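Written below as C-alpha cells is the structure these notes are about.
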Amino acid sequence: MDSSRRVALVEDDEDLRVSTAQVLTLAGFTVESFAAAAPALAAIDAGWPGLVVTDVRMPYMSGIELQRALHERDSELPVILVTGHGDVTMAVDALKAGAWDFLTKPFDPQALIAAADRAATARSLVLDNRRLRAEAQGEESSGLVGQSPAIRRLREMIPTLANADIDLFIEGETGTGKELLARLIHRAGKRARHRFLAVACAALPDPLEDELFAPSGEASIAAANRGTLFLDDIDQAARRLQSRLVPLVEERALRSPGAREPLPLDLRVIATGGAEEGDLAERIAPALFYRLAALRLRMPPLRERREDVPALFAHLAGAAAARLRRPLPEMTGAVRDHLAGHDWPGNVRELAHYAERFVLRLIESAPQPQSDAAGDTLPQRLDAFERETIVGAVMNANGEIGAAIQRLGIPRKTFYYKVNKLGIDLTALRKDAARDG
C-alpha cells in the first residue's frame, strides 16, 4: 500500500465518521479515525505520509483551527475540509490560508475520493522531493549507495576484503559500478596509501601496452607497487596482453623487455569482466582467469535492485548539483515515473547522466501549460495547470458550467473560488465555447 494513501479522518459525528471511513477504505485508502481534533493533532506530525479530512464544526477545536495548527508543523500537508452550507465563506478563507479543498455536506462520495486522490498524489510528490533533498545532502560512508540485499552484502564485505591479500574478480554489466567497488576496497585497506593503477584492457594500443610493462614510469605496473592493479574489462583484452599478464599475476614480478631479471612487485590485482552472454572462461585465457578469480563478486544491474534507484538518483543528483554549482530542482511526477518505470540498461552510468540532465533542467517531461516558462515558480505552474484544466473543462462542456464542474469533480463553491483566483472570464469563455460548438 502506498503510504501517501493514508487518511486521518476527523469527525465528531460517529455515523458520518464510520460511513466516510468506509467510502475511503473501499477506494484503497488506509483510514485512521479521530472523534475530535485534539487527538488527531497529537497523532499527526510533519512526517505524516498522507492527508487529512476534517469536519469544520467540532467542539473544543474546529477543523479550521486544526488545519492552522497542522500547517504550523507542515505547510504542505493536504487538509480537506468538510463543511455545512453555513460555513462556506469560512472554508473559502481557509483555502486562501492553505487548505487543500473543501466539500459541503451532504457531499458526493466520488467527489471526496477524487479530492483525496489528488491530495495523495501531491503529498507523495512532496515527500519524494524531501527525501531527494535529504539524501542528496547525505553522505554514504562507503560510497556504495542502496539498501537492496545484494548491495548491503557487498558493503558489509568491503572491510574484510580490504586487508585480505587475495585477488578479486568483479563481474557485472556495463555501468554497474565495478570500478567504484574496486576503489572502495582499495581505500579501506592498508594499500590505500599507495597507487590504484587502473588499466582499461579493452583495445589497449600497443604503445600503451609497452608503457604498462616498462620497468618504470607513471603508466607502468611498477608504479602500483604495494598498491592495487585494476584490470578493467579483462575479458575484452587482446590475447597478447592476457599472455603477458599471466606471469605477472602468477609470480608477482614484472617482466620488462630487455630486462635481465624480473622486477618483484607487491601487488593486489582486481579485475573486472562483463556479464554478457558467454562464459568468461572462454574469453579470458584459463591460465589468467583461474589465477585472478580467487574470489568472484557480482555487481547487480539496476533492474535487479529497483528499490535502490530513488536513493541512488538522489545521491547522484546531489553530486551533480555540487559539481555543476546548480540548485537541486524539484522532482516532477514525470521524473518520478521515469525512475520507477525505466529498466536502466546502462545501469548506474545511465542514471548518473539522467541525474545530470535533471540538475541542468534538460529532461523532457509531460506537456506543460503554455505559460510554463522556465522562470515560473512552482505555485505559478500549479496555477497555470489549474487554469488550463478549468478552461478545458468548460470548453469541453460547451459552456455548461454545471457539466464542467461535474467533469472537474470539485464542489461548486471551489470552482467559483478558483475561477476568481485565476482571473478566468467565464462570460467570454462561454461565448467561445458556444461559437466553437
Just checking, how many residues over the stretch 5-59 are surrounded by 21 or more Cβ atoms within 10 Å (Cβ to Cβ), under 19 Å from Ala115 (Cβ atoms) and in contact with a Gly (Cβ under 8 Å, 6 or more places away or on another chain)? 8
Going through the stretch 22-42 one residue at a time, which ones are over 17 Å from Asp12 (Cβ atoms), without any contact (Cβ under 8 Å) to a residue 40 or more places away in the chain and among the hydrophobic types (A, V, I, L, M, F, W, C)? Leu26
In the stretch 234-254, what residues are surrounded by fewer than 19 Cβ atoms within 10 Å (Cβ to Cβ) and either out of contact with any Asp or Glu (no Cβ under 9 Å at 6 or more places or on another chain) or not assigned by TED's automatic domain parsing to the domain that holds Ile284 (or both)? Gln236, Arg239, Ser243, Val246, Pro247, Glu250, Glu251
Got a number for residues in the stretch 155-201 being small (Gly, Ala, Ser) and under 16 Å from Arg305 (Cβ atoms)? 3
Tell me which residues, restricted to the stretch 1-43, are part of a loop (DSSP other than H, G, I, E, B) and closer than 16 Å to Ser62 by Cα. Glu11, Asp12, Asp13, Ala35, Ala36
So for the stretch 279-288 (the condition being part of a strand (DSSP E or B) and touching a residue at least 40 places away in the same chain (Cβ under 8 Å)), does at least one residue qualify? no
In the same structural domain as Gly177 (by TED's automatic domain parsing), part of a helix (DSSP H, G or I) and of a type outside the set (S, T, N, Q) - does that describe any residue in the stretch 314-335? no
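The values are calculated or read from the model by the stated rules, or taken from the named source; none is laboratory data. Everything quoted here is computed from the prediction, not taken from an experiment. Glycine also receives a Cβ, built like all others from the backbone with ideal geometry; neighbour counts cover every protein chain displayed.
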